[in-house]
Every structure is written in C-alpha cells, then in structure tokens.
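Where a number appears in this text, it was derived from the coordinates with a stated rule and is not lab data. Since we're looking at a predicted model, the values are computed, not measured. With ideal geometry, Cβ positions are generated from the backbone for all residues, glycine too; neighbour counts draw on all protein chains shown.
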Amino acid sequence: MKLSVLALDYDGTIASGDGLDPSVRAAISDARTRGIIVLLVTGRILSELRRVAGDLHFVDGVVAENGAVVHFPESGHTSLLAPLVPAALRAGLTARGVPFQCGECLVDSQADQAVGILETIRTLELPLVLAFNRSRVMTLPQGVSKATGLRTALDMLRLSPRNMLAIGDAENDHEMLRLAEVGAAVAWGSNALQAAADLTVAGTGTPAIAAYIRQIAASEKIPVVRQARRRLMLGHTEDGREFSLAVRGRNVLVTGDPKSGKSWVAGLLCEQLILHGYCVCVIDPEGDYRSLEALPGVTILGGEDPPPTPRELLRALRYPDRSVVIDLSRVEQGPKIDYIRSVLPALNVMRRRTGLPHRILVDEAHYFLHDAAAQRLLDFETNGYTVVTYCASRLPPEMLAATEVMLVTCESNPAEVEALRARCSTCQGVSAADWSLVGRIPIGQAVALPITEESGGALRLFTLGGRLTPHVRHRQKYVDVPVTDHQAFVFTADGRSPVRARTLRQFAAALEALEARDRTEAGGHLRRGDFSRWIGDVFGDRALAGELRLQEQRYLRGEGRDTLPEMVGAIRSRYDLTEDIIDTTTAT
C-alpha cells in the first residue's frame, strides 16, 4: 500500500533536548520531495514549538497541544479544535501555587503537580482530563488526543490514515499509532508503547529515525507488519473459532461454482474494508453489489445511467473516504469488456499517484482478465485486487501466481480444482482426499486454501458470517431472464388452466394475483413447500428460499394470514423491485 503520510512525534522521537536532529530534518526534506506529506504531531504548545524547532516550514502541517490545535505553516492557517483554557482553571492553579504553562486549549506542567491540578479540576467541576507524557502532565478537554487532531488534519488535506505511518515514543502517542495504518514505536521509548505498536524502530536515538525515514520514503510503501491490527471477519471454523483475514494489501481470489455464494463472500470483504476506512472500487458487471450503497461514503455509478468515463471515475475517487461501485448491468457484453479494459489502467495510474483506491474488485473476472492483455490491466507491484470468478483456470498464470489469498465457496469442476491445487503445490500435507472437500462445500460455507496464510497450511473450512447490507440480486440478471420450460413454476388451480411462471417477475405477479383472487388456492403449494423449493433449486437463492420457507412453516402452524403478501414483499425487496409495478398479466 502506498505511503502518502508520515506522522512524527517531536520530543524523544525526532528531537532530543528540545533541538531537532539535523539529520532528521534532512530526511524529512527528502521524504517531502518524493510527495510524502509530513505532519508533526506533538503535545507542545505551538509558540513553544516554534521556539525550540525554529521555522516550521520543514513540515507540511503541525498538530499541536496534543491534538487541540492544527497549524499549516505554508498558509499560516491555524484551527482550534477544542475550547480555550478556562480562566477559572488558570486562576485556581495560580492560587494553589501550581507552576504551569498555558496554551490555547492545553495547560502543561510537571507530572508531580498532577494531584494539585486534579483537585482544582474537581473543585471547579470542569470537563477536563489529565494526560501524562514522561515527566510532564497535560490538562486538556475531554475527548482530545493526538489522534483526534491528526484525523482533522488529514480530513483537511483529503488524505487517508490508511496510507499513513506514525512514529512515536511515549504515553500520549498510543492513539496516534492506533489511527495510522502502521504505528511504529522507537526502541529507546516507552516499553508499553512498543508492546502496543505494529513495529519498533531499532536504534538508540534520533539518528536511527533519520535512517528509517529515508529507507521507508525510498520504498514509498507502508511497511508490511506480521500481526496486522485490522482484520476482516469472514465467519467461524468448525470448532467455533473466528476466521478472519489480516488486511495487508494482498491479492484475493474468490472462486466456486455459479450460485454457490461467491458474491456474498466478496461483498462481505468489501463491507468490512469500507467500515475500516479503506477506499474500495468495485467493478460490478451484473449489479450484485448495489446494496453496498447503504454503507457510509459509497456511491453507485452506472446502472440506469451510462458508466462513468475514466476521468469521471478518478474524480469520484479523489477523496479517501469515498468508495465506488460501477454497475455495468445495463451494458452489453462487448462494450462491457472494452469499458473494463479501459478503466483498469486508469485506476492503476491513480493508485500509484495517490494510493487510492486501496482495493479494486473485479467480478466475473474470467470474461475480462482471461488473456495475456490482463498483465497490462493489473499492476502487481501495488496489488490490492480482489478477483471473483467461477473459472479460475481461465485467469493468466501470472495472476494466480500473484494471488496470496484463495477462498472457494464450492468447486465441483475437477479441472478447476486441479488449477487451484497447482497454485498450492508448495503446501505440504494436503492429500487428494482433503482436496475432495472443495467439491462438497454446502451453501453458506467456504474454504480457505492452504496458500492463504490464515489457513495454517490446510484447507480451512468455515461458516460464512452475516452481512450488514443485503445481497440484492439485480433485476436485469435474474428477474426477467426466463428459465427453461421444464423448470417453470406451475400454479395449479381447480377449474382453470394452470399458470406457468418462467421468470421471477412472473412468479411474483402470479402470487399477487392469487392473493387478490383466492388465497386458499395456494394452500397445497404452501403445505408442500413448493415456493421455497423452486427459489432454492431453480434460482439457487438459498437466502430467499429460507425466508419463504419460514413463511410456509408459519402457514402450517396456522399463523399465515399474510403469507402471500409477505412472500411477494421478500422477493420484491431482495431483487430491487420496490419501485416496480408488477404486471399481473405477464404470467402465462
């Protein structure tokens, strides 16, 4: 993942005895020439920082007073993010003889004065807290930390903490390191901070920081850590343990038979990435990901409208708190292929320049990435792709070789299983009998292949977790495409010709007509479970089939007064038909 922001603590990290290490100043300059934004994040009062560090133009921004003040040296703009220090507090501390230095929103004092400060706060009933930093104690408004000020600075600069490395040394740096994608503690600082950090910068003082900044700036990438704090929870293994993936910018393959739940898995991954604050771009050929719009910052482009041009897409993704789903369900297959092959290179260029989007998902990838041209469509140096397909063997070998996470819902095709086995050939201890599991995975479960680090070198079966957003299947793909005549649903009726439904729209229309005419005619179908069985067996929609089965069971218990309307409502809601007027004459 691209390194776009470097957040640095001052005292004890890049400065020793008040003064900024000259080698660190030079390393910061080198990082900035590479386009990396450098922010100084300190508990110091801004005027005091100027006194000890001199001209602050050596950084792009300053978060001072432990997060209460944001300052941009280039423009001179300063924002106060918290209430001013109460006059009553200043008077109370003076009356108690507590020595202190007062900033805009923060009071700084020696740590051994904490008792007197706390007694003053309690007496005055002020909404203030104490924050310790080595030998100092800071008094500041509740809810203020380095992380709150840093997040505001990032928002003002339109930058993402998911592209940020933060480095600190002491107690007041915990929240800053937690906000960053990777938080680093210096080896000569707080033991507690080192234990909580993602990594430790080795060395004995500030010159080691200068060398580390030069090294990481030259790579222009966020360092990879072994134990990633952000994880994507996918479900539970057979022994009840959580199964999750570490967020590391790896390439992910989701594969399996048609209607086996691939889009559910991919949507689950997208949901959690978005909620963790990552920018995601979903290339959605069939409209299966539209429900992600319910999540904060997600925009649907395309669909009823023409798909966005590469320029329009880059404009939509220029903010880190935005994710985009490109719905291509209304585009014919030929133009759809051309469009995807034009937009992927544009996304790659943007990602190298800005680090956004953090992840690109391509569904139905076997149609678009099946030949040698795929090598120029994907940038394997930046990685961060999720590829969804029912035919992994059609993907170029280079793509499979660059894939580090493989999730399979159910794969009954022996040729496909063999292609997956070939990618996992270096994994020992997985027998042919073990691989036969891949073809017997039931709906609602998946397996992580041994190439996936979290699988522990085995075929790790897990039950899929729930999603926040429903899996709305798009009307263009399912509602109006007829099944074969022998798969049609036949509504039996006494004294009338049977009604045959070959599409979901016709099926819903026939149910509504049945409700309007005589709901008792549906009794036989309800008692036999015909409706849920047809949805599950013919359309492979186990989730909707389960909803209809519950309604059928309610009917059998005598609780089904509104069974048919609720069934119709479930179908219309799941298949994005809430605004459609169903023509009751279309079932024949």
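Against the chain, whose longest principal axis is taken from its Cα atoms, helix 87-96 shows a tilt of about 50°.
Against the main long axis of the alpha-carbon atoms of the chain, helix 206-219 sits at an angle near 30°. Beta bridges assigned by DSSP with both partners in the chain are antiparallel in approximately 50 percent of cases. Excluding same-chain neighbours fewer than eight residues apart, the lysines reachable from Lys336 by a Cα-Cα span under 22 Å are Lys259, Lys262, Lys477. In this rough spin-label picture, where each label sits 7 Å from Cα along the Cβ direction, the Thr78-Glu398 distance is 5.4 nm. Working ranking of peptides 413-423, 2-12 by packing, defined as the average number of other Cβ atoms within 10 Å per residue, highest first, is 2-12, 413-423.
If the chain linking Asp434 and Ser497 were pulled fully straight, counting 0.36 nm for each residue of separation and taking away their Cα-Cα distance, it would gain 17.5 nm.
Net charge in the neighbourhood of Ala195 (other residues with Cβ under 14 Å of its Cβ; Lys, Arg +1, Asp, Glu -1) is -2. Listed peptides 167-179, 72-84 appear in the order 167-179, 72-84 once ranked by packing, highest mean of other Cβ atoms within 10 Å at the front. When volume of the Cα convex hull per residue in Å³ is calculated directly from the model, which label among [x] 363; [y] 203; [z] 167 fits? Entry [y].
The calculated Kirkwood hydrodynamic radius for region 82-143 is 11.3 Å, given to one decimal from all distinct C-alpha pairs.
In region 250-321, inverting the average of 1/r over every pair of distinct C-alpha atoms gives 13.5 Å as the Kirkwood radius. If R0 is taken as 51 Å, the Cβ-Cβ distance between Glu559 and Glu453 corresponds to a FRET efficiency of 0.55.
On a 0 to 90 degree scale, rounded to 10, what angle separates helix 504-517 from the longest Cα axis of the chain? The angle comes out near 70 degrees. Summing +1 for each Lys or Arg and -1 for each Asp or Glu among the other residues whose beta-carbon sits under 9 angstrom from that of Gly302 gives -3. Scaling the Cα radius of gyration of region 231-464 by the globular reference 2.2 N^0.38 Å produces a ratio of 0.97.
What order do you get for 439-450, 240-251 when each peptide is scored by the mean count of other beta carbon atoms within 10 Å, highest first?
Top of the packing list down: 439-450, 240-251.
About its Cα centre, the dipole of region 225-331 is roughly 640 debye, where the only charges are +1 on Lys and Arg Cβ and -1 on Asp and Glu Cβ. Amide H to amide H distances under 5 Å link Arg136 with Ala111, where only residues 5 or more positions off or on other chains count and H is placed in the peptide plane. Histogrammed with a bin width of 5 Å, the alpha carbon distances of region 170-220 distribute as 4, 22, 28, 26, 16, 3 percent, first bin at zero. Between Ile222 and Lys2, Leu3, the built amide H atoms are under 5 Å apart, and every one of these is 5 or more places off in sequence or on another chain. With a cut-off of 12 Å between beta carbons, the residues surrounding Arg421 carry a summed charge of -3, where Lys and Arg count +1 and Asp and Glu -1. What separates the Cα centres of region 289-307 and region 187-232 is a distance of 38 Å.
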